[in-house]
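These notes concern the structure reproduced below.
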Amino acid sequence: MNLSGLLVAVVGFSSGTVPHFDSEILPVLTRAGCNTGACHGAALGRGGFRLSLLGGDPAADHEAIVYELEGRRINFVHPEESLLLAKPTGELAHKGGLRIEPGSDSAQRLVQWIAAGAPRGQLRKLIHFEVQPEARVIEKVGSTVPLRAMARFDHGKIEDVTPWTVFTASDPSAIEIDDRDTATIRRRGQHVVLARFLDRIVPIRLTVPLTETPVDLSREPRSNFIDDEIYRTLEVLRVPVSPRADDVAFLRRVRLDLTGRLPSPEEVETFLDERSPSKRARLIDRLLASEEFVEYWTYRYAQWLRLRTLPAEAEATWAFHGWIRQQVQQRTGVDRLARTLLTAVGDSHREGPANFARLAADARGQAELVGSVFLGVRFQCANCHNHPLDRWTQDDYHGLAAVFARLERGRTVRVGARGAVTNPRTGEPALPRIPGSEYLQADRDQRKHFADWLTARDNPFFARAMVNRLWKAMFGRGLVEPEDDLRDTNPATHPALLNRLAADFVEHGYDIQHTLRLIARSETYGRAATTTPANATDDRFYSHAYRRSLPPEVLADALADVTDVADRYGDLPLGTRAVALVDPRTPAPALDILGRCGREIGCDAASRGGGLAAKLHQLNGELINRKVADPNGRLHRWIRAGKSNDDIIESFYRLALSRRPTDAERKHWRTQLDGATAASRVELLEDFLWALLNSSDFLMNH
Amino acid sequence: MKNRSAHRSDGATRRDLLRVGTLSALSLSLGDWFGLRAAAPTPRPGKAKSCILIWLDGGPSHLETFDLKPDAPSEVRGPFRPIATNVTGVRLCELMPNLARVADKLALVRSVTSPLGEHAIANSYLLTGYKPTPVLDYPSFGAVVSQQRGGKPTLPAYVAVPTYKPTAGSGFLGAAHQPFAVDSDPARPDFRVRDLDFYPGVQFGRMKRRRAFLDQLDRFQRTAEEASVDPGFEQAYRLITSPQAKQAFDLSREKPEVRARYGPRTVGQSCLLARRLVERGVSFVSVHNPDWDTHNNLLLNLKEGYAGAKVGVGLIPSLDLALSALLTDLSERGLLDETLVVVMGEFGRTPKLNTSAGRDHWPRVFSVVLAGGGVRGGQVIGASDRIGESPTDRPVTPSDLARTIYTLLGVDPSRELHTPDGRPVPINQDGKLIEELLA
């Protein structure tokens, strides 16, 4: 329902009625900053006065204000002398300084409420909260936009709650918000202001186009709704797009993203020779159906699900890994996959999915794992207090932990007869709870309940978290970053696109292949990585493809493929690929230096790499040097077989860069190599190959 | 790139003009302005050439290290007693007998306060002076110093021993100013920085040729807009080809008695390596000392190190040896005046002991220690209350601390940095210089 049309009828707070504690007094305190984590909202309160963080627990706050200290905070005879007023208005010394102007609307509201007996009042529920504008495009830096907020409660009245709403710019140097709730835009770009009222947080998008020149993308080809959404944003921001990537660039990119491998020279030739207009779509289908897709996406799933070995229980890991591989192969919808993982029991050395429960040390750890993996939500903060940036309460956190409280996590995973999680807020055993939603009956295995809720078609988190991960796998950046931090206060760059992708994913049976295909077929995915001066600085609106480093395992495999020198990982058979390693702790110094993910925490947060140590290793360590010099490697075999310089150079270009050398390049290498003695020729060729494998076109996906 | 540096070079003049402008807008006359200037002590540009940051990762308990509360109730007091030091009235934890002998070199700030009590965001605040925001990834001290000092030193300007947290990285300043992580434990007898020595068969001459080949290849591949050379490559190449760089990391060149003085554990040998590096011109060395997140068993973690230890080898005795040796060594070599030493973590610990005999996160008040590099030693700045819960005197924010560290290092904190898309960000936003710290 749209409330803004009715705004004419809205009057602000009317002086005749008694302010309602939960919905009219708490917001005053929130807006004044009284209940933030740095002040009275801290776990131990401040100066002996403790409020719930951002008003999360109105009953406790009412108790604290009205009854604690024998009611000294409230003076019914002289309301304006109440500590509740005298402190924040500066009448009495207050370490937090002046928070509420004496005589302001806020102060008057508090006086009225105390004069009326400081009642909690009957409970009323916030039905709808709306801001104005929700989004606006502004032409000029320096323009101002008045912000308004409206609320409707279950008694039906619409109220202008602007003065009691907290507006925060996510980038304070781009947007200034003054005391009268007017936003001034200081920089070009897409900016977000968050409006917080009671438990609602709504984003307001204020955009100043990045350039002066209009951008019209109506004639750009489009494959599906991804392009519609991406173009829409680019037009608003006036960022032009780069052209389509050429066939070689596209083939290399999609091959790396879907299978983690470089295309072979023959594959490149065949693809270039193909004349069909639908050849890119056919290529995508072929890759999705390949065995290499299964191998690579098993690796990606293993990272997502944090698969790792428990001490001395390799069988368990093999069972888990084998099961994951099977799911990828059979295209099991991730809804079914999640349900199986959440409810699995049995001998973890045989039942692969039972290992998921064992990745966490206890029920709380599992709540956090499930939050991160399936909901894309970081619950950790809510262990000790309500999440300050999100909607999650301590009851949510411990309630979700309680869902897993009875689980026994030995070799055999089973639901035990007892087991509880103490909610530190109450000191009582936490009641099992769907976070943000409802308490569960204690009579059945609540994990099934939770799985039902998680995989229901209208679950607001699961599908969005999943498609965000898939998007990131294909573009190197999530629509929400970091990928496991979906929350109202961290909005997506393209919220409508995220929602459409999620709905479409649910519609198609939670099939990742469907969404990967959709993304791979979009014009947006198929853009060149080259930029124009007008879109060179874009790193989040997809006007061009972004260059990104290969994941450590993919790079190691690519080096082995080009040189035909395999790595040895632990005591595994020579030739085992890095992406096929089941245990992320398999000894592999090179992978460690390149920054592989150990999977103890989410791989998104863990990624580092790219540092000087990795660079030193690439230039001067074993990684490339050993392969270049290996007497049984491709280079030395070719030299021994009498292959010509030209031939060797061209073949390595095709293997590593998927293209032939240009005439200029051919000429350059000829001048370097001509007339060399046999011994120096070998060294020169080694140095050429070393340089090729250290060149940025080889090291990057682009 | 060119535009950016031009931007900065005239920055100072314009800022001065602006400052006058702002003041007159606040209806102060120019006379007032000069009057104010004369009254306030003029901050001299810092003289410290280098900084060693000993990062106590996880958040060290102020109540067990630099701010003990012997008169507080037992649930606050904790397991250790204070001891006297060579500065009258300044007391430290009994597990710090060596530091107690060099306390005249230390400035203890006991009133640092922050609202952030979660590791990652608190880390970020302490290491950058900025509260983290999702839109901007701020650079940490080491990266800013590296960027501001500029030049092309053979040794990296910012070295992390043995490792670093992502929050101690270069943020929007990019890969060129990431710390070089040694990634190998200096306390191990076979300590060597990996991949620093030439790969067998590829000596200097060949390395030079390979580099020329690679340059040529990248020139062929390069598209117009990516004209810059990979700064990581440049740095790596300089390191590999410089004998002096290799010596800097070679701890075996230190006398055994010097090595012994720092203590046999990682933090000690890391401090020794840090000294070797600043001696050779590295601008910023961070020593990563983990495991201070002591939610349980303070006695075991802070003192003993392992159950039943006769001589404590826990976090505090190890730090005591390392830090006291570092200060003495720097001082004996005449390096202390030009080397700023900072010791801190991301927050303090709760006043009340928890049920696991540990303490939880507590950012509202905690202690930071500075020494050398133009810091006046032998003093305590600020104070916490009776139970170490809140600052009672002279609260200091991480932003104040950042401004002070930059100032001591001769980096103008009001200078602007630029993000890759050209946005100006001051090195420090609203910190206030801790004047008393300056010698």
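Summary of computed values
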read-out	value
Mean Cβ neighbour count within 10 Å, used as a protection proxy, ranking A:311-321, A:338-348 highest first	A:338-348, A:311-321
Rh (Kirkwood; distinct C-alpha pairs) - the stretch A:567-702, Å	17.0
Cα centroid of the stretch A:88-111 to Cα centroid of the stretch B:55-113, whole Å	39
Per-selection Rg to Rh, the stretch A:247-294 - Cα, Kirkwood hydrodynamic radius	0.93
The stretch A:326-382: translational diffusion in µm²/s, Stokes-Einstein, Kirkwood Rh over Cα pairs, 25 °C, 0.890 mPa s	201
Rg followed by Dmax, in Å, when the stretch B:380-439 is reduced to its Cα trace	14.7, 49
Projected label distance in nm at A:SER276 and B:ALA383, using a 7 Å step from Cα toward the beta-carbon	8.4
Kirkwood hydrodynamic radius over Cα pairs of chain A, then Stokes diffusion coefficient at 25 °C and 0.890 mPa s, in µm²/s	85
Computed magnitude of the charge dipole of the protein assembly as shown (debye, nearest 20; Cβ of K, R +1, Cβ of D, E -1)	1680
Relative intensity, log₁₀ I(q)/I(0), of the stretch A:260-397 from a Debye sum that treats every alpha carbon as a point, q = 0.12, 0.13 Å⁻¹	-0.64, -0.71
Segments A:108-115, A:433-440 sorted - mean Cβ within 10 Å per residue, highest first	A:108-115, A:433-440
Average other protein chain Cβ within 10 Å of Cβ, residues B:363-371	1
Whole-number percent relative contact order across chain A, with pairs defined as alpha carbons under 8 Å at least 6 apart	11
Cα convex hull of the stretch B:77-143 - mean projected area over all directions, nm²	6.6
For the stretch A:393-523, Kirkwood radius (reciprocal of mean inverse C-alpha pair distance, Å)	16.7
Likely footprinting exposure, B:PHE198, B:PHE366, fewest C-beta neighbours within 10 Å first	B:PHE198, B:PHE366
Exercise: per-residue mean of other protein chain Cβ atoms within 10 Å, A:533-543	1
Quotient of Cα Rg and 2.2 N^0.38 Å for the stretch A:238-318, N being how many residues it contains	1.50
Distance between the stretch A:463-494 and the stretch A:279-342 - C-alpha centres, whole angstrom	20
A:SER644 versus A:VAL141: modelled label distance in nm, points set 7 Å from Cα along the beta carbon direction	5.9
Projected-area mean, the stretch A:11-98, by convex hull of Cα positions, square nanometres	6.1
Loop GluC sites (Glu not before Pro), the stretch A:199-262 (other Cβ atoms within 10 Å of the site Cβ: 16 or fewer; DSSP)	A:GLU212
Order of B:GLU254, B:GLU389 - criterion: other Cβ atoms within 10 Å of each residue's Cβ, fewest first	B:GLU254, B:GLU389
Beta bridges per DSSP with both ends in chain A, % antiparallel, nearest 5	95
Kirkwood hydrodynamic radius over Cα pairs of chain B, then Stokes diffusion coefficient at 20 °C and 1.002 mPa s, in µm²/s	93
Share of alpha-carbon pairs per 5 Å distance bin for the stretch A:502-603, given as whole %	2, 10, 14, 13, 12, 16, 17, 11, 4, 1, 0
In the stretch B:353-439, trypsin sites (Lys or Arg not before Pro) in a DSSP loop with at most 16 other beta-carbon atoms within 10 Å	B:ARG376, B:ARG386, B:LYS432
Rg/Rg_ref, the stretch B:281-439, where Rg_ref = 2.2 N^0.38 Å and atoms are Cα	1.20
Ranked list, fewest to most other Cβ atoms within 10 Å of each Cβ, for B:VAL145, A:VAL166	A:VAL166, B:VAL145
Separation between Cα centres of the stretch B:292-366 and the stretch B:175-194, rounded to whole Å	22
Computed over the stretch B:94-167: relative contact order in percent, which uses C-alpha pairs under 8 Å that are six or more apart	21
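Every number in this text was worked out from the coordinates using simple rules, so none of it is lab data. Note that the coordinates shown come from a computational prediction; the quantities given were computed from them, not determined experimentally. Positions of Cβ are generated from backbone atoms using ideal geometry, with glycine treated the same way; all protein chains shown enter the neighbour counts.
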